[in-house]
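Some notes on the structure that comes next.
Every number here is computed from the coordinates shown, using simple stated rules; none is lab data. The shown structure was predicted, so the numbers you read here are calculated from the model rather than taken from an experiment. Heads up, the Cβs are rebuilt from the backbone with ideal geometry, glycines too, and the neighbour counts pull from every protein chain shown.
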Amino acid sequence: MIVSPSVLSADFGHLQRDVEMLNQSLADWLHLDVMDGVFVPNISFGFPVIKAIAAAAAKPLDVHLMIVSPEKFVSQVRDTGAHIMNVHYEACPHLHRVVSQIKEAGMKAAVTLNPHTPVAALTDIIGELDMVLLMSVNPGFGGQKFIGHTLEKVKQLRCLIEARGCHTLIEVDGGVNRETGLALAKAGADALVAGNAIFHAPNPTEEIAFLKSL
Ligand code: DX5
Ligand code: ZN
């Protein structure tokens, strides 16, 4: 299992310390949530903070843009040092163009689906995607309850990927903990994002190791 801890749940007063903990852990990536107060009802952090995290991080950055018009920021995201750029399906009327721009900029292209968006919406673009991120909560906040229907969507997405013979990864974000993580692993997820379950655990590196073992 690929584990991508969500830095949104870190202690922003001790960001370098928390990034160092992730460097020393079994985490594969660092998941960075950018919110604009328009696409989602919350504001998180932007490019200067991502650059600071990139300077301290020893692992690839998985940047999740919960913003309108993400196509305007492809080169700025690339310039932070990001490896994966996640854009929301619901924010991109010209999704194929954005995905091409992300790949031309040298990053992995991932498309994120809100809980209400069916997997079938990606039927005609799945072969172009390095990863699909399924939201298992409504985006905007950490610490929300996992939406159980996501397990069904993981299975549907696995079927679509196999039918097309592509190698797209399936990542899931929101309410992931030991229990939901196990269910997601059984359903066919490749990568788990977890914020609260990791950073609010008594021993975050143990929590990461558990999710890694799934
Ligand atoms: C929510 C973000 C998530 C969030 C997950 O909009 O996309 O990445 O940090 O937090 P938990 O794991 O606490 O649900
Ligand atoms: Zn996220």
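Summary of computed values
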{"quantity": "Shape call, segment 98-163: gyration tensor on alpha carbons, a/c limit 1.5", "calculated": "oblate"}
{"quantity": "Helix-only [θ]222 nm of the chain, DSSP H runs n ≥ 4, -39500 (n - 2.57) each, per residue, nearest 500", "calculated": "-10000 deg cm²/dmol"}
{"quantity": "Residue order, fewest to most beta carbons within 10 Å, for Ser136, Ser4, Ser100, Ser9", "calculated": "Ser100, Ser9, Ser136, Ser4"}
{"quantity": "Largest to smallest principal axis extent of the C-alpha atoms in the chain, angstrom", "calculated": "43, 37, 30"}
{"quantity": "Charge sum, other residues only, whose C-beta stays under 12 Å from Ser44's C-beta, Lys/Arg counted +1 and Asp/Glu -1", "calculated": "-2"}
{"quantity": "Of Thr205, Cys159, Met131, farthest towards positive along the dipole that unit charges on Lys, Arg, Asp, Glu beta carbons give the chain", "calculated": "Cys159"}
{"quantity": "The chain: antiparallel DSSP beta bridges as a percent of all, rounded to 5", "calculated": "5 percent"}
{"quantity": "Using alpha carbons only: equivalent-ellipsoid semi-axes of segment 85-212, gyration tensor based, whole Å", "calculated": "25, 16, 14"}
{"quantity": "Gyration tensor (alpha-carbon) shape descriptor, segment 139-214, a/c threshold 1.5", "calculated": "prolate"}
{"quantity": "Total charge dipole magnitude, the chain, about the Cα centre, Cβ charges on Lys, Arg, Asp, Glu only, Debye to nearest 20", "calculated": "180 debye"}
{"quantity": "Nearest-20 debye value, segment 94-204 charge dipole, Cβ charges on Lys, Arg, Asp, Glu", "calculated": "160 debye"}
{"quantity": "HN-Hα J in Hz across segment 35-40 - Karplus 6.51, -1.76, 1.60, θ = phi - 60°, x for Gly and Pro", "calculated": "10, 10, x, 10, 5, 10"}
{"quantity": "As computed over segment 46-107, the Cα convex hull volume per residue (Å³)", "calculated": "70 Å³"}
